[in-house]
Amino acid sequence: MNGAESLVRTLLAGEVDVCFTNPGTSEMHFCAALDKIDGMHCVLCLFEGVVTGAADGYGRMSDKPASTLLHLGPGLGNGLSNLHNAKKARTPIVNIVGEHATYHVAYDAPLTADIEGIARPVSDWVRTSADSKSVTSDAAQAIAAARTHPGAISTLILPADTAWTDAASVATVPTQENPETVSEAAVENCTQALQSGEPAMLLLGARALRAPTLEIASRIVLHSNAAMRSELMSARTERGAGRVGIERIPYVVDEAVKVLDGIRHLILVGAKAPVAFFAYPDKPSLLIPQDCEVHVLATAEQDIAGALDRLSDSVGAQSRLPDLESAKRPELSSGELTLEAVWAGVGHFLPEDAIVSDESITSGRGLHPYTRGCPPHDWLSGTGGAIGRALPEATGAAVACPERPVLCLSGDGSAMYTVQALWTQARENLNITTVIFNNRSYAVLHGELRNVGAVPGPTAHDIFDLDRPYLDWVAMAESMGVEAVRVDTAEQFNTALAAGFHSSGPMLIEAMV
């Protein structure tokens, strides 16, 4: 058994049985090992940003790591932006990155790079295997590190000669430790804040946005007459009828400041204190009032459910019933294809148990009220802000949950970063309906230009608009094997969306808005 075979066997023994891959020469023995060992589902992606984005979507929905297979420093570098998003989302991922053979590195071949240096900013654990005998134990440690609650990114770098020489037997993955229990002092401090009689708000993030924990939080705020919000960007929120609805902190600074105005006690539950996405002239970076006191009930790494349950008991809210969303869908629109018409169509047709990967940065900003009363579903947001995540994220989510329909919402500019994901969706016949909001521009940048107080001119507009030539999403999707349709009326959009949700394979809708 060589090092590559021992690696595959250790991954499988650690229940890492999906690999999103874009390999090169240094990883050939790993590829060969896959033909000798059953059990690994390998998904080929045509760009490393799709590889890492798909691993993010998979980990968010499965709560366990997939592996990636990346080629040397440049391959890892191509995947960095979606690893950044995954790290902010605390998604479990095991990166396998090939390296030149140990004796070849000294010759500074063209692809030689500081792979550890590239990996560290987007990884929680990094190691280069010293020899083939170390591969299995290193792989087991990588899996254990990725499984650290609530999730982490491990990057294991394998010189090519560690893959083709003899290796040790399969290593056992260390047992995952339970999340840390919050202190009694933290619970008591938050209890006093809620019982102070001053305006308070629970700000939820991470695992606090799962349905059971949302119910506990709802009981607390109803009993204490407090407000409740979620972070603007969350890795996964369980929403819909029969679940607790929660509004996000707004993206726009002035709107966020207004929502938080008057709050004297902000209680963080798996969240951080809200900050503006960017710095703007004459606007605050920290969005809470200056006299607001911040209390930490639990960090994302701690036992959030247990902390909320103890806080509920401490304030006497255990007998309260949570405020659950009632079932309600918007009526369909007709005529011109406005954003509101698209939102109504999504809310009207969204299937039960759907997964929504949302990167409709400007066009989908008003979508949440239209989907609150839809059947139960999961909503995935852009935790790190790096664009180009939705198409690959939806791909990974569909691999993780093949029985569930996936809706991908993306702007035309964002989707071009990782358009190759459509090919993987077709190859794997994934149940994904993609809506491209085609406004033929980086619309968010037009808004940001105004927000920072810059005076736009023809050059600025020219580098924000996607014209000369216009993008043809139908042609691009069909060239990669995905059924596609362009729509410019509400009726056409409604028909196409219903068809997409009834299809078992991928479909793309180019919505001209």
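The values are calculated or read from the model by the stated rules, or taken from the named source; none is laboratory data. Predicted model, so just to flag it, every value in this text is computed and none were measured. For neighbour counting, all protein chains shown are included, and Cβ atoms are generated from backbone atoms with ideal geometry for every residue, glycine included.
Observations
- Condition check for A4: within 21 Å of A144 (Cα to Cα), in a helix (DSSP H, G or I) and at pLDDT below 95: yes
- Pairs, first outside any loop (DSSP other than H, G, I, E, B) in segment 184-198, second modelled with pLDDT of 95 or more and charged (D, E, K, R), C-beta under 7 Å, six or more apart: V187/R310
- Qualifying positions in segment 269-320 - in a helix (DSSP H, G or I), closer than 15 Å to L214 by Cβ and more than 26 Å from the chain's Cα centre (by Cα): D309, L311, S312
- Options S230, S333: the member that is within 28 Å of D353 (Cα to Cα), of a type in the set (S, T, Y), at pLDDT 95 or above and assigned by TED's automatic domain parsing to the domain that holds R207: S230
- Any pair with Cβ under 6 angstrom, 6 or more apart, that starts in segment 164-182 at a residue that is more than 16 Å from T10 (Cβ to Cβ) and in contact (Cβ under 8 Å) with a residue 12 or more places away in the chain and ends at one that is surrounded by 13 or more Cβ atoms within 10 Å (Cβ to Cβ) and hydrophobic (A, V, I, L, M, F, W, C): V182/A298; V182/A307
- The one condition in (1) part of a strand (DSSP E or B); (2) touching a Lys or Arg at 6+ places or on another chain (Cβ under 9 Å) that D358 fails to fulfil: (2)
- Residue check, Q302 over 24 Å from P250 (Cα atoms), of a type outside the set (A, V, I, L, M) and touching a strand residue (DSSP E or B) at 6+ places or on another chain (Cβ under 7 Å): yes
- Check on E15, on the phi > 0 side of the Ramachandran plot and in the same structural domain as A160 (by TED's automatic domain parsing): yes
- Residue list for segment 25-51, restricted to those being closer than 19 Å to S132 by Cα and in contact with a Gly (Cβ under 7 Å, 6 or more places away or on another chain): S26, E27
- Those residues of segment 331-355 which are more than 16 Å from A511 (Cβ to Cβ) and assigned to a loop (DSSP other than H, G, I, E, B), in sequence order: E331, P351, E352, D353, A354
- Any hit, segment 312-324, residues being out of contact with any Gly (no Cβ under 8 Å at 6 or more places or on another chain), among the charged types (D, E, K, R) and under 25 Å from R239 (Cβ atoms): yes
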